[in-house]
Amino acid sequence: MLARTLAVVASQATPLDLEAVLTATGLLTPLQVTEILHTPRAAGDSLPKSIAKTMDLPEERVLTELGRVLGIPFVRLIETEIQADARNRIPTRVVFQHNILPMRLENGALVVATNDPFNATMVEAVRLVTRSRVRLVLATEADLSRALKKYYGVGAETLDELMQKNVLDLDLVGEPVTKQDLESDNQEASVVKFVNQIIAEAYRERATDIHLEPMENDLRIRYRVDGVLHQVPVPSQLKQFQAAIISRIKVMANMDIAERRLPQDGRINVRSGGAEIDVRVSTIPTAHGESVSLRLLTRSSIFLGLDRLGLEPDHEKLVRRLVELPHGIILVTGPTGSGKSTSLYAFLATINSIDQRIITIEDPIEYELAGVNQMQVKPEIGLTFAAGLRHILRQDPDVIMVGEIRDLETAEIAIRAALTGHLVFSTLHTNDSAGAITRLLDMGIEPFLVSSSVEAIIAQRLVRTICEDCREEYRPDPELLREVGFPAADVPTTRFFRGRGCEECRFTGFRGRTGIYEILVLTEALRPLVIERAPSTTIKQMACQHGMRTLRDDGWVKVRAGRTTVEEVARVTQEDEELIGT
């Protein structure tokens, strides 16, 4: 009875009532209750959140104890069904204004999740708009935030404001949005706010890319997190604002918003929580409007030391020796998104010193390294990799980094540089290390030049690492282990782990990525094979006989260390049948 009474008076929230409720939780002494009630709260903080901060307690525990006293159940929204009919009862702006989630209709009452049971204004607002009784349940602020994104979409409250103000009528009739339109009064604020929300949410989710993809009846937004695309829940009316949103991004990136027929590139500089984010923007015309891709680059994600690339100790020692060579070519290979640029920057940072002149030519310059001379490729004015590299050789460099060897001319100049006393770093798009040799030969480079100039080829991939919050031990299917070639001798002694899936990892079981590597050093045993134009499989077999670990073998090292799963390594690697049988 006491709990029921307190639940009723809690919404009135007089100081005496609050003191009784807070004391009854057992979390606070009477003196602490008085201090909390008389200390101004931070803007946006509810009373339960303020208690959790002050007492250094989990918000869930505070809400659970308050719920026990008030007779209000605590729920985990991820485990609870949310009815669409209930959500439709409350306008979106009211939901986001009070940070609540309508869950279901129950015996004539609307069940609403909140993290502040003392917010009388919220209860009254819900009663007024729904004209029904309200029954509260408690949920953490983080749980509410995730649920609101899931059921309403990112930026839903902003689009709701736009719909209410009806400020984008030009879009509804299909007329183009001009820069002046975007910079006018309410329209600018609303569109800017929505675009900022999309970028901020992507940064919080650790996304590397944002894709805005126009469909016939929809504007799809997807984030790439840990190398895997995830569709972002967005409000159903987003398509109506497609032109204004895309135009706003183009304005931010200093692109021509009137040009919709040709691809364009631009950049946006963003600051979030003290972090500098460089956003590369690319647009291409499609059948239903311009598709926009944003690549998010931060110093923490690009500028890594060798010790943070995921190299095993023996590989790290080998790489440190390679990057200190006086001359030769070191190639990094792998598909797009495999971390090649990150590795190259780490190599350069390792040897960057006052007595080394380092010059790079890149497309694009992803991060500016202090003390390194970096050049941006500009094909429209004739500044290609080959042209830039030819002029770099006249600048007395010690170390040269070429973003990518794409053609015979670039390859020839790079080899000439390596043979004349320069250390050259570059990348190739091949599946493994030995394939880079075949690729150079196919370009037209003479075998003896490849043999004498290339010192090492590093193939790499990125594998997702197991989420630490839901990591658990398990036994994989023995048939799977046989199929993917996991060493049978290691099975009995290996503890296999996987992620169960939790809110922290978006229920994927993975959070973050690390590299797996295949380092082929051109030893005296391998150089004759290159000169003889031996197949890449033969070169790879010989390298393995001399101690090289393949990509998959390096992946198994990560599996045995409990950092990733067998399935993940198998997903990102391929293995030659000849090598499996050896």
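The values are calculated or read from the model by the stated rules, or taken from the named source; none is laboratory data. Owing to the predicted nature of the structure, the values given are computational and were not obtained by experimental measurement. Heads up, the Cβs are rebuilt from the backbone with ideal geometry, glycines too, and the neighbour counts pull from every protein chain shown. In case anyone asks, the SASA skips ligands and DNA or RNA and just uses the protein heavy atoms, side chains included. Shrake-Rupley method; radii C 1.70, N 1.55, O 1.52, S 1.80 Å.
In the full protein context, the chain carries 47 Å² of accessible surface per residue, based on a 1.4 Å probe and ignoring ligands, DNA and RNA.
Rounded to 0.05, the FRET efficiency of the T420 and S145 pair, given R0 = 60 Å and the Cβ-Cβ distance, is 0.55. Taking a sphere under 11 Å around the Cβ of G67 and counting the other residues whose Cβ falls inside, with K and R at +1 and D and E at -1, yields a net charge of 0. Assuming R0 = 41 Å, what is the FRET efficiency of E124 and V228, from their Cβ-Cβ distance, to the nearest 0.05? Once the sixth-power term is evaluated, E becomes 0.40.
Measuring from each cysteine beta-carbon in the chain, the ones with no other cysteine beta-carbon under 4.7 angstrom are C544.
Once all protein chains are placed together, E259 keeps about 30 Å² accessible to a 1.4 angstrom probe. Listed by chain and number, the lysines placed with their C-alpha closer than 22 angstrom to that of K317 are K340, K540, K558; residues fewer than eight positions away on the same chain are left out.
Between H288 and R308, full extension at 0.36 nm per residue minus the direct alpha carbon distance yields a gain of 3.0 nm. Restricting the calculation to Cα atoms, every distinct pair contributes to the Kirkwood radius of the stretch 474-520, found to be 13.2 Å.
Hey, which of these cross-link pairs are over 20 Å Cα-Cα: K149/K239; K49/K193; K193/K239; K193/K250; K150/K239? Going by Cα-Cα distance, K49/K193 fall outside the 20 Å limit.
In this calculation the C-beta distance from A561 to R93 is compared with R0 = 60 Å, giving a FRET efficiency of 0.75. Extension gain for E468 to E532 (0.36 nm times residue separation, less C-alpha to C-alpha distance): 18.1 nm. You can think of it this way: the chain between R68 and R320 has 84.8 nm of extra reach, that is 0.36 nm per residue less the Cα-Cα gap. Each of V559, Q197, H288 was scored by the projection of its Cα onto the charge dipole of the chain, and the greatest displacement toward the positive side belongs to Q197; charges sit on the C-beta of Lys, Arg, Asp and Glu.
For percent of Cα pairs over 45 Å apart, the candidate list reads (1) 19; (2) 44; (3) 33; the entry that matches the value derived from this model is (3). To test your reading of the geometry: what angle, between 0 and 90 degrees and rounded to tens, separates the Cα axis of helix 408-419 from the longest principal axis of the chain? So the helix axis and the longest Cα principal axis differ by about 70 degrees. When the helices of the chain are scored as -39500 (n - 2.57) per DSSP H run of n ≥ 4 and the total is divided over every residue, the value at 222 nm lands at -11500 deg cm²/dmol. Does the stretch 473-573 come out rounded, prolate or oblate, given a ≥ b ≥ c as the square roots of the eigenvalues of its C-alpha gyration tensor, rounded meaning a/c under 1.5 and, failing that, prolate meaning a/b above b/c? It is prolate, given that a/c is not under 1.5 and a/b is the larger ratio.
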